[in-house]
Amino acid sequence: MPSVTWGVIQGRKEKLVSRVIIFDYLKGLGIIPDELGDLELPSTVEVMRERVEFLQKLGLTTDDINEYPLMLGCSVRKNMIPVLGYLEKIGIPRSKLGEFIKSYPQVLHASVIVELAPVVKLLRGLDVERQDIGFVLQKYPELLGFKLEGTMSTSVAYLVSIGVNPRDIGPMVTQYPYFLGMRVGTMIKPLIDYLVSLGLPTKIVARMLEKRPYLLGYDLEESVKPNVDCLISFGIGKESLPSLIAQYPQILGLPLKAKLSSQQYFFSLKLKIDPDGFAAIPSHDVANMVIKCPQLLALRVELMKNSYYFFKSEMGRPIKELVEFPEYFTYSLESRIKPRYQRLKSKGIRYSLNWMLNCSDQRFEERLQGNYIETESIGPSFCMGGKLELPGNEIVSDEEEESDDEVLYRRTVTL
């Protein structure tokens, strides 16, 4: 009779032989099995072939498998099929499952009940719409690997504590889910503190984040601070920074130094403004144009040139009007400026650039039919120190109720 020890040794030999056969099979496919040394592998090459072919049917290539060969340790029936079935159930299209696995193959190891379902439940608890769950996870699949009591919970709690409306967390996650993976102490709070130090009231920062949560992704040291320094060096006064940032917060993430250089060349050469003046006090025309319309810094100079040439050669209007209404450059020359100018010219109507361009097509037609010039109202202004001033000297402070502040912000910042 063979001994128990003999049977154990024989079993080990069979496993080693089986492992060698499986490794040879994988190598023949171009898959590098080096990372599989400590992994529990199937006993036969047929089972491994089933796993490889299943992944290939999903659209994964040999290179994809080599990026994360540990996926070959997952059983088709116990791991892959349950996980993929759940992902499809929560809204990830079957045609996109392969791409999802490529971007986050670790999900194949997860337990649907213990790990995946609780994350989805948390997202629903944050008011992410059921139909948006799949969209959110396709953007940021790593969410499925987060601990519920970790970064996700603390980032949400901190944003709510600075005034972000809890009802807006869901839309924020849908638009920019990456903030759920950001550490409060090293990423979110330092950015918020810096913006507040520039003169932006905390509640205004909260409103900005509700509408543009991607601002949280701007690197404080590499992008935000250098851009603020760049604005100051080009003539934007510190007292004007809060208003400028509130109007156009994307300015914090632009490659601003290059943008400002090209815009400076355009303004100084084409508009006959002294180049040194661009770096002067904000009272100077160009600095004021940027303060009034910070979107100028994001425009392509080529398009601005075309609009300027039309303004000068066809419309024949004074440069002063561009200084007063720099938003002119933000409108499409072909689809808005030219057609409306020609209509007004044919009717002989006097108009300002603001009156001509700053309205919907329907309102423009109504103005043409009325054949009159409407009174142009003064827009709201943002004051340093956390106050917002509206026409009629109505001052609303940072201490106002949430609902009033929300309405105020929507009136103040229109993009």
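The values are calculated or read from the model by the stated rules, or taken from the named source; none is laboratory data. Model, not experiment: these values are computed from the prediction. Glycine gets a Cβ as well: all are built from the backbone with ideal geometry, and neighbour counts include every protein chain shown. Accessible surface is based on the protein model in full, side chains and every heavy atom, while ligands, DNA and RNA are left aside. Shrake-Rupley method; radii C 1.70, N 1.55, O 1.52, S 1.80 Å.
Annotations for the structure displayed:
- Each label point was placed 7 Å from the Cα along the Cα-to-Cβ direction; for Glu46 and Asp24 their separation is 1.8 nm.
- Per residue, the convex hull around the alpha carbon atoms of segment 146-217 comes to 77 Å³.
- Whole-Hz ³J(HN,Hα) from phi, Karplus 6.51 cos²θ - 1.76 cosθ + 1.60, for segment 70-86, glycine and proline x: 4, 5, 6, x, 8, 6, 4, 7, 8, 10, 5, 5, x, 5, 5, x, 5
- Along segment 245-255 the Karplus relation, 6.51 cos²θ - 1.76 cosθ + 1.60 evaluated at θ = phi - 60°, assigns HN-Hα couplings of 5, 5, 6, 9, x, 4, 4, 6, x, 6, x Hz to successive residues, with x for each Gly and Pro.
- A simple rule links phi to the HN-Hα coupling: the Karplus curve 6.51 cos²θ - 1.76 cosθ + 1.60 with θ = phi - 60°, which for segment 312-324 gives 7, 7, 8, 7, x, 9, x, 4, 3, 5, 5, 5, 6 Hz, with x for Gly and Pro.
- Carbon and sulfur %, accessible surface of segment 146-217 computed with the full protein complex present, 1.4 Å: 60
- Applying 1/(1 + (r/R0)^6) with R0 = 25 Å to the Cβ-Cβ distance of Ile349 and Arg300 gives a FRET efficiency near 0.25.
- In loop segments of segment 105-197 as defined by DSSP, the GluC sites (Glu not before Pro) with at most 16 further C-beta atoms inside 10 Å of their C-beta are Glu129, Glu149.
- Net lengthening on full extension, Gln369/Glu239 (0.36 nm per residue, minus Cα-Cα): 42.5 nm
- The Rg/Rh ratio for segment 85-242 is 1.05, where Rg is the radius of gyration of the alpha carbons and Rh is the Kirkwood radius.
- Between Glu35 and Tyr218, the distance separating the two model label sites (each 7 Å from Cα on the Cα→Cβ line) works out to 3.6 nm.
- Förster radius 22 Å - calculated FRET efficiency between Asp63 and Lys96, Cβ distance, rounded to 0.05: 0.70
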